[in-house]
1. Taking the Cβ-Cβ separation of residue 92 and residue 141 as r and a Förster radius of 30 Å, what is the calculated FRET efficiency to the nearest 0.05?
2. Multiply the residue gap between residue 222 and residue 290 by 0.36 nm, knock off their C-alpha separation, and tell me the result in nm, one decimal place.
3. Any chance you could give the angle, 0 to 90 degrees and rounded to 10, that helix 236-249 forms with the longest Cα principal axis of the chain?
4. Which whole-number percent of Cα pairs in the range 66-125 have a distance greater than 14 Å?
5. Once you place label points 7 Å from the Cα toward the Cβ at residue 21 and residue 256, how far apart are they in nm?
6. Give the angle, between 0 and 90 degrees and rounded to the nearest 10, that separates the Cα long axis of helix 273-287 from the longest principal axis of the Cα atoms of the chain.
7. Note the angle between two axes, namely the Cα long axis of helix 101-111 and the longest principal axis of the Cα atoms of the chain, as a number of degrees from 0 to 90, rounded to the nearest 10.
8. Can you tell me the alpha carbon radius of gyration of the range 9-175 divided by the globular rule-of-thumb value 2.2 N^0.38 Å?
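Readers should treat all values here as calculations from the given coordinates under stated rules, not as data from a laboratory. Predicted, not measured: the structure shown is a model, and the values here were computed from it. Heads up, the Cβs are rebuilt from the backbone with ideal geometry, glycines too, and the neighbour counts pull from every protein chain shown.
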Amino acid sequence: MFTGIIGQSAAIEYLSRAISTQRVAPAYLFAGPEGIGRSLVAEQFLSLLLDPEQTDRRSLKNHPDSLWIAPTYKHKNKLLTVAQMQEQDISLPRSHPQIRLAQIRDMTQFLSQSPLEASRLAVVLEGAETMNEAAANALLKSLEEPGNATLVLLAPNIDALIPTLVSRCQRIPFCRLNPEQMAQVLKQAGYTEVLDHPQLIEMAQGSPGGAIAHWHQQDSISPDLLQADLETLNTPLACLKLAQKIDQALDLPSQLWLLDYYQQVYWRTYGNSILLHQFEKAKEQLHHYAQPRLVWEVTLLALAEQQDLHTKGERTPGPMRDKR
């Protein structure tokens with residue numbers, strides 16, 4: 001039934017059994033991190049429900065009896081997904097995209113219709129954890145009376161949704177991939193070169209999609225920022241200059257990624273929990289809309305101070321590098 005999916009045998013077995021025994025639940029929760037196959041399984045599951053005879057399991061995303069909902073930004077009174085914003089070369093806001101009440105209302109209208117070609121309607125909600133309270137309550141009403149429809153919610157874990165939503169869904173756990181499975185997926189996807197960057201693999205934590213996203217993000221950032229060396233941050237002026245450069249060169253998502261990157265490098269190089277705490281603190285401040293340049297100034301000054309203590313007490317570390 002399912003093809004080309006690696007590392008999610010338990011989820012596939014459960015869904016295949018539901019289809020073969022014709023005991024498909026009104027709602028499912030696919031719980032697991034991004035980039036491990038949740039969307040691919042949802043797409044193939046949807047296609048099997050709507051058109052069992054279809055051979056290409058990745059061609060039914062625009063089926064008239066299916067609806068795909070993704071988190072959106074509000075731009076000039078229009079709701080646009082991240083992909084749509086990027087296609088139109090629109091800068092992403094500092095806020096995070098959400099599944100909004102208007103989208104759930106559109107879904108409710110969709111569910112009130114009769115299927116045009118299939119025996120049922122199907123809805124997939126990607127990023128279900130991004131719903132605000134009003135949207136979640138509206139969705140809850142649809143889950144209570146789904147009618148002739150099957151809904152699939154994608155979220156990182158069950159704790160990301162309110163308990164009443166979780167209780168109305170069949171939970172399908174998705175697991176992170178092991179190193180062999182990661183390598184298999186990356187080779188299959190044409191990203192073998194990512195395997196030459198163990199740091200990115202570690203950052204991905206068992207998510208091939210995450211590793212690919214890290215690869216593209218790394219490629220978009222200047223090498224001199226990626227190869228920053230704490231040994232050069234031996235004066236407050238050097239710290240302030242680097243903070244200014246990062247703030248001017250990178251948008252907020254890229255700055256958050258760079259903090260993750262630095263954090264992974266410092267852990268591999270120093271294993272210093274104090275440094276890791278400093279990065280976590282900086283990410284939290286950026287998420288709460290603190291002034292980015294000020295956050296970087298404080299962070300780099302604190303790191304330089306810790307590095308000075310580390311150098312005096314133990315050894316002088318080399319630069320952190322991920323050879324490109």
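1. Values: r = 31 Å, r/R0 = 1.04.
Efficiency at R0 = 30 Å is approximately 0.45.
2. Working: separation 68, 0.36 × 68 = 24.48 nm, distance 2.36 nm.
Length gained, residue 222 through residue 290: 22.1 nm.
3. 30 degrees
4. 59 percent
5. Going by the 7 Å Cα→Cβ label model, 4.0 nm.
6. Taking the Cα atoms of the chain, the angle to 273-287 is about 60 degrees.
7. Between helix and principal axis, roughly 30 degrees.
8. Details: Rg = 15.5 Å, N = 167, 2.2 N^0.38 = 15.4 Å.
That works out to 1.01 for the range 9-175.
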